[in-house]
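Below is one structure, written out as structure tokens; comments come after it.
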């Protein structure tokens, strides 16, 4: 386990141990938050990667600030297990459920069962096609668009590209829409190869695919890998093949581990576009809290991203997400899903 993941895990455990003591009412808050004791389940599909660890920590911190008893269910990249965990949350009569990623076809009916039971549900980066379930989104179109704009700024509008993509995941599908539009507007950009996998060892599996793809297509100079675990895998492959100096990788999402890999000497990972995963986790909890309180959330809750280039990170001396939040204040907060009675957690 990496130092970053261990730190995140310890933070989750520490926060969990204090939740019972802090589940008190909030003066002036609407019911049921005026009396406290609100029970919420966070049911995740992806539990691997630093982004998801940070997302969960942000959710825990915001839950603590609201006196929410937040129970985290790690889906472990298993659609059947995530589905079972939602059933468990329903049976435990929680007042709200956050669905964190997942495969829509495996979740729509069981989420509808939760809604029918009077449980409020919000979804992060999974399209459940349910008018009663607000969508919490990083602006995935903006993430992809800004990453590709940076690729053009660095490489011009003519280059051979590799593309990492797995269909069926809402954020990746939205980012793919932008890639498709980008290629149509830039016919001199050639997609030479497409590959990708999402599993319990995504980065390592993508690295194996990338080695084969880059060997077969030595003229590739740019790889668009719009998920940080994808980018980590491509970077590993480039280093093992000894081609780091001739390749540039553009991605989405960020963690402390990502920053370390971007700023290291001769890294081919030159830019990522991201929101703070802890902020996204906090916004997910706030949106659900508003819904539980009967207040308007809206169909979509969007968190805008920031471009983070290798040069910016190096020049600013940024080595961790915490430093990033300090040196780029907009990265560490969001006004999405707020109300006067909600105390926003610090990140």
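Table for the structure above
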{"quantity": "Candidates 74, 32, 187: whichever shows maximal mean-square fluctuation once the chain is modelled as a Gaussian network with Cα springs under 10 Å", "calculated": "187"}
{"quantity": "Whole-angstrom gap from segment 40-88 to segment 125-163, using each part's C-alpha centre", "calculated": "24"}
{"quantity": "Helix-derived mean residue ellipticity, 222 nm - over the chain, DSSP H n ≥ 4, -39500 (n - 2.57), to 500", "calculated": "-15000 deg cm²/dmol"}
{"quantity": "Cα-based Rg and Dmax for segment 87-200, where Dmax is the largest Cα-Cα distance (Å)", "calculated": "18.1, 56"}
{"quantity": "For segment 140-274, the fraction of alpha-carbon pairs in successive 5 Å shells from zero, as %", "calculated": "2, 11, 24, 26, 23, 11, 2, 0"}
{"quantity": "Residue among 247, 328, 288 with the largest mean-square fluctuation in a Gaussian network model of the chain, springs linking Cα atoms under 10 Å", "calculated": "328"}
{"quantity": "Sorted by Cβ density within 10 Å, fewest first, the residues 33, 224", "calculated": "33, 224"}
{"quantity": "The chain, relative contact order in percent, only Cα pairs under 8 angstrom and at least six apart counted", "calculated": "18"}
{"quantity": "Residue exposure sequence - 101, 141 - by fewest surrounding Cβ within 10 Å", "calculated": "141, 101"}
{"quantity": "Options (i) 1.05; (ii) 1.02; (iii) 0.98 - which one matches Rg/Rh (Cα atoms, Kirkwood Rh) as calculated here", "calculated": "(iii)"}
{"quantity": "DSSP beta bridge pairing in the chain, given as percent antiparallel to the nearest 5", "calculated": "10"}
{"quantity": "Spin-label pair residue 80/residue 200, simplified geometry with 7 Å Cα→Cβ offset, distance in nm", "calculated": "1.4"}
{"quantity": "Whole-angstrom gap from segment 268-347 to segment 243-264, using each part's C-alpha centre", "calculated": "20"}
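Readers should treat all values here as calculations from the given coordinates under stated rules, not as data from a laboratory. From a predicted model like this one, the values you see are computed outputs, not experimental measurements. All Cβ positions, even for glycine, are placed from backbone atoms using ideal geometry, and neighbour counts span all protein chains on display.
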